[in-house]
């Protein structure tokens, strides 16, 4: 498994987001006036299962955003993936804080959460921010209150493996 730190993860996430995780390319024939649609799904290296799930759902006619979120949930729920979600590396205080943002092309709407604690699927909360509020971003305690209000259950996201890595990192700060 490649080593990710938060900076590398956020950089790759922003680049992936900037290329819009799923985008259709419309090609029109001048003579036939038919459309050819090519759909691609993009992720970082830890998202192969996520892209497969998203593509499967898109090909079944599901909404692209719902499809991508279903794929992302695979990574968010994997305790062995220390880059994001359950099992992700904690902050300096030993607390797993998660960020997620979503954009829906057809409606031109967006939603995001940052520094969200104790919620396994921040991508679902970000979508709910987009759908149920006039806000684009909720942070920290406000994001957690919003998630709880909408029925998301709080869970301890720190796995033993991530905790051990955090302890080693903390111990090495003084050397």
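The values are calculated or read from the model by the stated rules, or taken from the named source; none is laboratory data. Keep in mind that what you see is a predicted model, and the values were worked out from it rather than measured. In this analysis, Cβ positions are derived from the backbone assuming ideal geometry, glycine residues included, and neighbour counts consider all displayed protein chains.
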Discussion item. Looking at 85, 105, 140, 94 in this structure, which one is at pLDDT 95 or above and touching a strand residue (DSSP E or B) at 6+ places or on another chain (Cβ under 8 Å)?
Written reply: 140
Worksheet item: So which residues in segment 104-114 are outside any strand (DSSP E or B) and either under 12 Å from the mean Cα position of the chain (by Cα) or free of Cβ contacts under 8 Å to residues at least 40 places away in the same chain (or both)?
Response: 106, 107, 108
Worksheet, complete the sentence: Subset of segment 143-154, residues surrounded by 13 or more Cβ atoms within 10 Å (Cβ to Cβ) and touching a strand residue (DSSP E or B) at 6+ places or on another chain (Cβ under 9 Å), comes to 143, 144, 146, 147
Worksheet item: If you check 112, 70, which single one turns out to be surrounded by fewer than 22 Cβ atoms within 10 Å (Cβ to Cβ), at pLDDT 95 or above, over 25 Å from residue 171 (Cα atoms) and touching a helix residue (DSSP H, G or I) at 6+ places or on another chain (Cβ under 6 Å)?
Response: 70
Worksheet item: How about segment 15-60: which of its residues are closer than 30 Å to residue 82 by Cβ, touching a strand residue (DSSP E or B) at 6+ places or on another chain (Cβ under 6 Å) and either in a loop (DSSP other than H, G, I, E, B) or at pLDDT below 50 (or both)?
Response: 22
Worksheet item: Can you find a residue in segment 131-141 that is in a strand (DSSP E or B) and surrounded by fewer than 20 Cβ atoms within 10 Å (Cβ to Cβ)?
Response: yes
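Conditions (1) within 18 Å of the chain's Cα centre (by Cα); (2) under 22 Å from residue 69 (Cα atoms); (3) assigned to a loop (DSSP other than H, G, I, E, B), marked per residue:
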site	(1), (2), (3)
86	yes, yes, yes
102	yes, yes, no
116	yes, yes, no
119	yes, yes, yes
126	yes, yes, no
153	yes, yes, yes
163	no, no, no
